Amino acid sequence: MAVLDIVHYGDPILRKKCVPVKDFSILGNLLDDMFDTMYEAEGIGLAANQVNLNLSLFIIDITHTEEADEPNIFINPEITAKAGDENIYPEGCLSFPGITLDVVRPEQISLKYQTPDEIWHEDEYTGLLSRAVQHEMDHLRGIYIIDRVSQLDKMKYKQELTDIESNSKKQSAYRTRGAKRFVL
């Protein structure tokens, strides 16, 4: 297993709309590496583009709560419905280290997705899992948590965002200098 580099705010791959997974044979080690990366970074969710992969998939593990018994893998996901009250909850993001913002999201969603065995499922989620799924879905569509807050809230983190973006551009240049970006 390997811990992958997490890309940060400012890396262009985070603004791309991710492409569907078509070749499921590549997922075995990749999913293991993504889980290792997420655990190493102490996150609860990780989208493929956060590890520099243009693929429509993400993982979530909230087994430390009473809401889930096992980690989740969502491939080619699509939110098919949203319901319930909209709630404000603080969200952090592995691509925005050190930043937490109050984000408004619907309480409940329905999600259509595939699992590594290529079988389609449709399930409803509430609570932390619903919020985490919506957060990761935003990643797959090129949407940041800062896109979900007011200009005033963004201004509070202006210097931190500038620093993260500057460091991200340096890392992106270093990664692409010697090798092509890995895109499936």
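Just so you know, all these numbers are worked out from the coordinates, no wet-lab data involved. Values in this document were obtained by computation on a predicted structure and should not be read as measured data. Methodologically, a virtual Cβ is constructed for each residue, glycine included, from the backbone with ideal geometry; neighbour enumeration extends over all protein chains shown.
A few points about this structure:
- In order along the stretch 70-77, phi translates into HN-Hα couplings of 8, x, 10, 10, 10, 10, 6, x Hz, rounded to whole numbers, per the Karplus curve 6.51 cos²θ - 1.76 cosθ + 1.60 with θ = phi - 60° and x for Gly and Pro.
- Whole-number percent relative contact order across the stretch 12-176, with pairs defined as alpha carbons under 8 Å at least 6 apart: 22 percent
- Here the Karplus curve 6.51 cos²θ - 1.76 cosθ + 1.60, taken at θ = phi - 60°, turns the phi angles of the stretch 92-98 into couplings of x, 8, 5, 8, 10, x, x Hz, with x standing for Gly and Pro.
- Label assignment, mean projected area of the Cα convex hull in nm² derived from the structure, set [x] 10.5; [y] 8.9; [z] 12.9: [x]
- A simple packing score, the average count of other Cβ atoms within 10 Å per residue, orders the peptides 31-40, 115-124 as 31-40, 115-124, with the highest score first.
- 18 Å reach of a label modelled at residue 88, 7 Å along Cα-to-Cβ, counting backbone N of the stretch 133-167: 145-157
- Pairs of lysines in the chain (C-alpha under 29 Å apart; 8 or more residues apart or interchain): 29
- Estimated from helical segments only, the mean residue ellipticity of the chain at 222 nm is -9500 deg cm²/dmol, where each DSSP H run of four or more residues counts as -39500 (n - 2.57).
- Gap separating the Cα centres of the stretch 119-141 and the stretch 1-65, nearest whole Å: 14 Å
- Of the DSSP H helices in the chain, those whose Cα atoms cover at least 15 Å axially and whose Kyte score averages -0.5 or more: 27-40, 127-140
- Estimated distance in nm for a label pair at residue 2 and residue 115, the labels positioned 7 Å out from Cα along Cα-to-Cβ: 2.8 nm
- For residue 150 and residue 54, the FRET efficiency from 1/(1 + (r/R0)^6), where r spans their Cβ atoms and R0 equals 30 Å, is about 0.50.
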